[in-house]
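Since the structure comes first, as structure tokens, the remarks are kept for the end.
A short reminder: the numbers here are calculations on the coordinates, not readings from a lab. Being a predicted model, the structure only gives us computed values, none of them experimental. In this analysis, Cβ positions are derived from the backbone assuming ideal geometry, glycine residues included, and neighbour counts consider all displayed protein chains.
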Amino acid sequence: MAVDTGSGAQVVFGSRRSDVATDHLVAGRTLTRLIGAARQNFEVVILDTPPVGPVVDGLYLAGIADAIVFVVKWSATPQQEVRSAISALVAAKRDTTPLLVALNQQDTNPRAYGGKYAGYSAES
């Protein structure tokens, strides 16, 4: 376990590559117990997973998550991949689990579309 000096967050990293199938590792009782213990001892538990499209880890964990934040790299991730990943997450999560989407690394160039119309609002 490591402690982030800036935030005080305590971080647990995976130790090494395993020969055990992902579904046994991620959906197994050991990880479920670890997450349960973390929920009892910490206010917030964040599970960071690899991308949903090429790797299934996030789909297995979606079923036990209290909330899901799906991060998309702005203007780099194909829309069809985003749609497919969101559909898979919706199918894997509980009905009561909220799914939020965050755009990461959005272009802030003032000549880009968003910057061009940034001064406009519904009140103008």
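Placing R0 at 35 angstrom, the Cβ-Cβ distance between VAL82 and ASN41 gives a FRET efficiency of 0.50 after rounding to 0.05.
Rounded to the nearest 20 Debye, what is the dipole magnitude of the range 2-116 about its Cα centre when Lys and Arg each give +1 and Asp and Glu each give -1 at the C-beta? Could you put the intermediate results ahead of the total?
On the way: 11 positive and 10 negative charges, 25 e Å.
The dipole of the range 2-116 has a size of about 120 debye.
Considering only PRO78, LEU99, ALA67, the residue lying farthest towards the positive end of the dipole of the range 48-105 is PRO78, judged by Cα position with unit charges set on Cβ.
Springs between Cα atoms under 10 Å define the GNM used for the chain, and in it the highest mean-square fluctuation of SER75, SER87, SER18 occurs at SER18.
The fraction of all Cα pairs in the range 2-116 landing in successive 5 Å bins from 0 to the largest distance is 2, 9, 16, 20, 18, 16, 11, 5, 3, 1, 0, given as whole percents.
Using just its DSSP H runs of length 4 or more, each adding -39500 (n - 2.57), the chain gives a mean residue ellipticity at 222 nm of -9500 deg cm²/dmol after division by all residues. Report the antiparallel proportion of the DSSP beta bridges in the chain as a percent, rounded to a multiple of 5. Around 25 percent antiparallel, to the nearest 5.
Within the listed set LEU34, LEU47, LEU61, the Gaussian network model of the chain (springs between alpha-carbon atoms below 10 Å) gives the highest mean-square fluctuation for LEU34.
Computed over neighbours whose Cβ is under 13 Å from that of LEU100, the net charge equals 0, Lys and Arg +1, Asp and Glu -1.
Using alpha carbons only, how many degrees (0 to 90, rounded to 10) separate the axis of helix 79-92 from the longest principal axis of the chain? The angle comes out at about 40 degrees.
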